[in-house]
């Protein structure tokens with residue numbers, strides 16, 4: 001799917017701004033043929049939850065409505081016009097002038113619809129009905145139930161089966177873009193690098209719609225110089241003296257695609273891309289033939305006021321803070337992040353593990369991990385969950401959107417699922433196969449494992465190219481005992497390496513809740529001293545394990561979660577506060593990561 005872009009043949013109109021809004025109390029049916037009876041204002045893009053002072057709105061479970069009006073410039077009315085949502089969380093019904101024009105389920109990937117037939121002259125009314133409900137068929141997973149109050153009215157209740165707040169709404173941009181009626185529908189690029197002679201072949205496919213006589217593709221370098229060109233929908237353009245996209249040293253080419261009709265250019269699109277090689281070999285993760293070491297984070301799209309809504313200033317700041325520390329990567333935990341962030345990572349040279357919203361695939365999700373003591377722990381996750389269809393859709397849409405991004409080096413098929421339970425392999429095998437089939441660049445695939453999923457109990461290790469572990473020895477296990485945590489960490493990593501000597505191993509989560517400003521002479525848990533000692537302990541072990549290829553701590557910044565006795569205004573495992581203020585450990589990690597090269601750290 002192509003990102004909306006203005007070119008010589010395309011115009012983009014942004015519908016960001018203040019929309020009318022209301023929650024649906026489901027007492028009186030909403031008549032979509034008339035303007036919404038809404039009196040509240042709500043900014044788009046942003047989550048709706050934190051934009052008012054209303055507890056009822058913040059905690060609402062069910063349906064909400066958005067509406068705004070717009071006029072379409074007459075000069076565009078003869079073009080193909082497309083309404084595009086960057087996301088709508090978690091399910092959307094879209095009406096234009098009272099007519100249902102599209103429906104989409106899944107809250108973190110874009111969808112679009114042609115609107116020519118439903119436009120009217122003058123003012124057009126765009127209405128969106130959203131659901132923030134989750135259940136055993138959705139991604140993420142939620143425990144959903146309905147009850148009745150004293151008046152017999154239905155009450156919807158949702159207990160999220162994951163440890164982050166269920167922000168919802170029109171959280172990413174809503175745009176209208178134009179194309180000619182014969183147009184470029186999609187571009188797929190698969191550069192192949194010859195590292196020996198510093199050359200590459202840019203392979204690809206151009207998908208078009210309508211009457212097209214000729215397709216011309218021109219490759220431009222960063223100096224806007226033409227370095228290759230070809231005609232046809234299938235391309236194989238040879239480049240010499242190629243500039244590689246590298247972590248921290250991004251170099252981006254542009255593929256300019258032009259459609260011709262009667263000798264005239266009728267549509268143009270420019271796709272930015274990088275040339276690099278990804279491989280997993282002999283226990284190493286290779287970028288451009290060199291062993292790469294992941295330094296970075298799990299993080300969230302999460303901030304004050306706009307919740308999970310797009311904030312480009314915050315994206316810029318977050319990457320700046322990462323690079324200042326010497327970090328080079330993050331995982332899009334636990335859903336695909338905005339297209340704007342992915343494009344920024346391409347430009348800034350940040351490596352991304354791209355993850356579908358498959359979090360909560362465990363009916364026994366709990367902070368009590370005492371079940372680890374039982375090697376035969378079982379639950380009925382794969383008998384009760386019905387998420388396979390949503391999971392296939394999420395993988396398909398994520399890869400379709402992100403397939404050309406140089407920053408994306410690996411797909412994460414799930415986070416902390418019940419890989420220990422019967423049926424896990426049978427559930428995940430088709431999903432890993434699907435991801436490998438869909439990805440034209442054949443990136444490695446992984447899934448992150450919760451502490452309950454041990455070397456003995458994990459039924460899906462054979463599916464993953466990289467072993468990705470979420471581990472909290474010294475926090476959820478043996479809280480405060482860093483000596484025992486060090487022993488457990490070392491023993492487990494060495495056991496994984498011994499059993500799978502050809503698979504790289506990395507930590508995709510590890511951390512300790514820390515209250516900013518809390519200090520202790522006794523290294524107490526929740527203190528800033530304990531957080532630093534915890535990370536120092538982990539670092540010692542990481543450096544001992546040959547096939548250990550990366551450390552992505554949990555979390556980049558404190559973030560909001562649902563209420564509970566384990567959480568005081570959210571998860572406090574951030575090394576930055578939610579306002580992006582550093583905790584004490586940032587100094588230690590900065591010193592460590594700046595002294596660890598991106599490549600060839602462990603030879």
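If the condition is being more than 24 Å from residue 151 (Cα to Cα) and under 32 Å from the mean Cα position of the chain (by Cα), then the stretch 17-37 contributes 17, 18, 19, 20, 21. Applying a threshold of 8 Å to beta carbon distances and a minimum spacing of six or more residues, or different chains, the list of pairs starting in the stretch 479-494 at a residue that is over 15 Å from residue 451 (Cβ atoms) and ending at one that is in a helix (DSSP H, G or I) and at pLDDT 95 or above reads 480/530; 482/533; 482/534; 482/537; 486/537; 486/540; 486/541; 490/541. Looking at this structure, is residue 193 touching a residue at least 40 places away in the same chain (Cβ under 8 Å), more than 26 Å from the chain's Cα centre (by Cα) and under 30 Å from residue 286 (Cβ atoms)? Yes. Looking only at the stretch 401-435, which residues are within 18 Å of the chain's Cα centre (by Cα) and either without any contact (Cβ under 8 Å) to a residue 40 or more places away in the chain or loosely packed, with under 15 Cβ neighbours inside 10 Å (or both)? The one that is within 18 Å of the chain's Cα centre (by Cα) and either without any contact (Cβ under 8 Å) to a residue 40 or more places away in the chain or loosely packed, with under 15 Cβ neighbours inside 10 Å (or both): 432. Assess whether residue 526 counts as being touching a strand residue (DSSP E or B) at 6+ places or on another chain (Cβ under 7 Å) and surrounded by fewer than 18 Cβ atoms within 10 Å (Cβ to Cβ). So residue 526 passes the test.
None of 448, 454 is in a loop (DSSP other than H, G, I, E, B) and in contact (Cβ under 8 Å) with a residue 40 or more places away in the chain except 454.
Please determine whether any residue of the stretch 91-101 is modelled with pLDDT of 95 or more, closer than 28 Å to residue 314 by Cα, in contact with a strand residue (DSSP E or B) (Cβ under 7 Å, 6 or more places away or on another chain) and part of a strand (DSSP E or B). Yes, the stretch 91-101 has at least one match. Kindly provide the set of residues from the stretch 17-55 that are within 17 Å of residue 96 (Cα to Cα), surrounded by fewer than 16 Cβ atoms within 10 Å (Cβ to Cβ) and touching a strand residue (DSSP E or B) at 6+ places or on another chain (Cβ under 6 Å), ordered by number. Result: no residue meets the conditions. Selection of the stretch 63-86 for residues being touching a strand residue (DSSP E or B) at 6+ places or on another chain (Cβ under 9 Å) and either over 21 Å from residue 98 (Cα atoms) or not assigned by TED's automatic domain parsing to the domain that holds residue 120 (or both) yields 76, 79, 86. Looking across the stretch 551-574, the residues that are part of a strand (DSSP E or B) and under 20 Å from the mean Cα position of the chain (by Cα) come down to 551, 552, 553, 554, 557, 559, 571. Scanning the stretch 487-507 for residues that are surrounded by fewer than 18 Cβ atoms within 10 Å (Cβ to Cβ) and under 23 Å from residue 533 (Cα atoms) gives 487, 488, 490, 491, 494. In the condition set (1) modelled with pLDDT of 95 or more; (2) in contact with a strand residue (DSSP E or B) (Cβ under 6 Å, 6 or more places away or on another chain); (3) over 25 Å from residue 86 (Cα atoms), residue 184 is compliant with all but (3).
Look through 166, 197 and report the one residue that is assigned to a loop (DSSP other than H, G, I, E, B), outside the structural domain of residue 361 (by TED's automatic domain parsing) and surrounded by fewer than 19 Cβ atoms within 10 Å (Cβ to Cβ).
Values: 166 fails: surrounded by fewer than 19 Cβ atoms within 10 Å (Cβ to Cβ).
Every option except 197 fails the conditions.
Restricted to the stretch 56-77, and to residues that are free of Cβ contacts under 8 Å to residues at least 24 places away in the same chain and not in a loop (DSSP other than H, G, I, E, B), which residue is surrounded by the most Cβ atoms within 10 Å (Cβ to Cβ)? Result: 58.
With respect to (1) crowded, with 18+ Cβ neighbours inside 10 Å; (2) under 27 Å from residue 6 (Cα atoms); (3) more than 24 Å from the chain's Cα centre (by Cα), the lone exception for residue 110 is condition (3).
The values are calculated or read from the model by the stated rules, or taken from the named source; none is laboratory data. It should be emphasised that the depicted structure is a prediction, and the values quoted were computed from it without experimental measurement. Note that each Cβ is placed from the backbone with ideal geometry, even for glycine, and that neighbours are counted across all protein chains shown.
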